[in-house]
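Read the structure below first, then the notes.
Here, each number is a calculation from the coordinates, and none is a lab measurement. Keep in mind the model is a prediction, meaning the values are calculated, not measured. Here Cβ is always computed from backbone atoms with ideal geometry, including for glycine, and neighbour counts include all displayed protein chains.
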Amino acid sequence: MRIAQVAPLHLTVPPQNYGGTERCIFNLTEALVEAGHDVTLFAASGSETSARLVPMRDEPIRFNPKVDATALHLAMLQHVYSRASEFDVIHSHLDYLTLPFAAASSTPTVMTLHGRLDGPETVEILRTFRGCNYIAISASQRSQIPDLNWAATIHHAIDLRQIAFYERPGSYLVFVGRITPEKGPDRAIRIAQRVGMPLKIAAKIDPANRKYYDQVIKPMLDDPSIEFLGPVNEKRKLDLMGNALALLEPIHWPEPFGMVFIESLACGTPVLTCPHGSVPELLGDGVTGFACEADDDLVAAVQQVGQVSRIGCREYVRQKFDIREMALEYVEVYSTIQHRRRLFAVPAEHLVETARNQGKLDQSSLIS
């Protein structure tokens, strides 16, 4: 199948540091290529992929407020859709900017929504184009606008082959993500202080949250047991999580997915968080860690988390968030929206070998 993947231009695919959406696009693209599909990735220059890369900007925007990202993304979409006849399906990750292009194209578009959907403006624009083929990343996210044309709910996934297992727990807690009130870094600091454990914070600061960092977080860093590392690369992030006792993310918002939860579990490190958004859907209380609302309960959970099986955390990811299963689910959606039979995406060489063994190799044996 000929598939176009359209990524935001803010970061490379995969991202060098923070970038959950770009990490998910990378995982899906690699899985589709491995499955034998012809994938073209439209992304910022510097992206690395097994697919055919079409670089759409010399360097990533990096959320620079002085750059008109909307204008650049609209120009990108015009280029993508000028080539629409080259693809069986266009899979866009550019949110509502894609919608007018998708509505005018005879090539079907699938659009994965990566953020929260409950803002009034978001509700209005998505309902205006409610007939687009939307993919939710969790049932929780989907419930925010249940009357859209939801083609499927598909959880993000990761490639366990690329993530090491850390058998022994460390003696510190770790917070990974963004410095923003909704992620709860201030709560994480207070909880770590109450249990007397070091906390390492690997997080970026968006311009919109600079005041929160300066006024709330920075003064708390006077405690030598609280270490702020800023954004870190993928290897450093996994090492930080893998060597921690637990990932501590006391969120206070309707988290659409929470990729960092799954990455931590893949390392073997349990997760301590709050039961908001997709958390009850994705995590297993007592199996992957604990989800508690109150700080007092999270303090108690830190003291119990050593009892959680680290190999059990990794196996949980293997069973529920496998990258190849995710790719199969997307291929089924791509095929369904073309009113075609379901395509079982498997590596082409596997199909060839199977056909040879059966003595009936011909062109119809191959799924393209």
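For the listed peptides 25-38, 182-195, a ranking on the average number of other beta carbons within 10 Å per residue, highest first, reads 25-38, 182-195.
Here the label points at Gln319 and Asn149, each 7 Å from Cα along the C-beta direction, are separated by 3.7 nm in the simple model. Computed packing ranks the peptides 149-161, 278-290 as 278-290, 149-161, most packed first, by mean other Cβ atoms within 10 Å.
Using θ = phi - 60° in the Karplus curve 6.51 cos²θ - 1.76 cosθ + 1.60, the 3J(HN,Hα) couplings for segment 196-202 round to x, 10, x, 10, 9, 10, 10 Hz; x is entered for Gly and Pro.
Among bridges DSSP assigns within segment 160-319, what percent are antiparallel (round to 5)? Roughly 0 percent of the DSSP beta bridges within segment 160-319 come out antiparallel.
Inter-label distance, Glu48 to Ile311: 3.2 nm, where each label sits 7 Å from its Cα along the C-beta direction. Over all pairs of different C-alpha atoms in segment 160-319, the reciprocal of the mean inverse distance, the Kirkwood hydrodynamic radius, equals 15.4 Å. Rounded to the nearest Hz, the phi-derived 3J(HN,Hα) couplings of segment 317-322 under the Karplus curve 6.51 cos²θ - 1.76 cosθ + 1.60 (θ = phi - 60°) are 5, 4, 7, 10, 9, 7, where x marks glycine and proline. Across segment 168-196, the residues whose backbone nitrogen lies under 15 Å from the label position 7 Å along the beta-carbon direction of Asn17 are 176-180. Entry note, the chain: the mean residue ellipticity at 222 nm calculated from DSSP H runs of n ≥ 4, each adding -39500 (n - 2.57), is -10000 deg cm²/dmol after division by the residues and rounding to the nearest 500. Coupling constants for segment 235-241 follow from the phi torsions by the Karplus curve (6.51 cos²θ - 1.76 cosθ + 1.60, θ = phi - 60°), and in residue order they are 5, 5, 4, 5, 5, 4, 5 Hz; glycine and proline get x. Partners of Lys218 within straight-line reach, counting lysines whose Cα lies under 28 Å from its Cα and excluding those fewer than 8 residues away in the same chain: Lys66, Lys183, Lys200, Lys204, Lys235, Lys237. Each of Thr122, Thr98 has some number of other Cβ atoms within 10 Å of its Cβ, and from fewest to most they run Thr122, Thr98.
For Leu53, nonlocal amide neighbours, meaning residues 5 or more places apart or on other chains whose placed amide H falls under 5 Å from its own, are Leu41. Charge dipole (Cα centre; +1 on Lys/Arg Cβ, -1 on Asp/Glu Cβ; no other charges) of the chain amounts to roughly 360 debye.
For the pair Asp285 and Asp118, label points projected 7 Å from Cα toward Cβ lie 1.9 nm apart.
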